[in-house]
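Worksheet: the structure to be examined is printed underneath.
Bear in mind these aren't lab numbers, they're just calculated from the coordinates by the rules spelled out. Source: prediction; values computed, not measured. Here the Cβ positions follow ideal geometry from the backbone for every residue, glycine too, while neighbour counts run over all protein chains shown.
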């Protein structure tokens, strides 16, 4: 996508939207891991997801914690366990970035020149301003794509090893 040609409102909407889509896809991979590990009967998978994983109040963060707790159950070798934990940490960092972009305060000056400025307040109360340019957003989307594929691959590996055991 050519972000450089967008006005401020469209660029802002695209940034938040694209980040949200990747977060949804990553969360769905975590949902797949949890469901496929605990539910062997495919006819009950949809019920499990609907009643447990899609329940209002069970957050993406909760699901990441469940996945972390599942690490020893997955039958991964030591190296893949470390990789799995590192990927989950990176997904958590991405989720935090997405949340900052979605919930931060737009501080972009009226004379928008291709840079969106978002002010966020950390949990400790510290204020920080993040600048998003077309170039930085492209880089973030490339990073998100690689992370998503890494997550998908390690989930496939974890589920494959479990099924073969």
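Considering Cα pairs under 8 angstrom that are at least six residues apart, work out the relative contact order of region 1-149 and quote it in whole percent.
Relative contact order comes out at 25 percent.
Given only helices, namely DSSP H runs of n ≥ 4 each adding -39500 (n - 2.57), what is the per-residue ellipticity at 222 nm of the chain, to the nearest 500 deg cm²/dmol?
-22500 deg cm²/dmol, from helical runs alone.
Within a 10 angstrom radius of the beta carbon, how do 137, 103 rank from fewest other beta carbons to most?
Lowest count first: 103, 137.
Can you put 121, 91 in order of Cβ neighbours within 10 angstrom, beginning with the fewest?
The order, fewest Cβ neighbours first, is 121, 91.
If you fit an axis through the alpha-carbon atoms of helix 8-38 and take the longest principal axis of the Cα set of the chain, what angle between them do you get, 0 to 90°, nearest 10?
10
With just the Cα atoms defining each centre, how far is region 59-134 from region 1-52? Give it in Å.
When both Cα centres are located, 14 Å separates them.
Could you give the angle, 0 to 90 degrees to the nearest 10, between helix 134-164's Cα long axis and the longest principal axis of the Cα atoms of the chain?
0
Once the Cα atoms of helix 60-70 and of the chain are each reduced to a long axis, what angle between those two axes, in degrees from 0 to 90 to the nearest 10, is obtained?
Compared with the principal axis, the helix lies near 30 degrees.
Once you keep just the Cα pairs under 8 angstrom separated by 6 or more residues, what percentage relative contact order results for region 91-138?
Over region 91-138, the number comes to 26 percent.
Taking 0.36 nm per residue of separation and subtracting the Cα-Cα distance, what length does fully extending residue 107 through residue 41 add?
18.7 nm is the gain from fully extending residue 107 to residue 41.
Only one of the listed values, [x] 15.6; [y] 17.5; [z] 16.5, was derived from the coordinates as Kirkwood radius over Cα pairs in Å; which label is it?
Entry [y].
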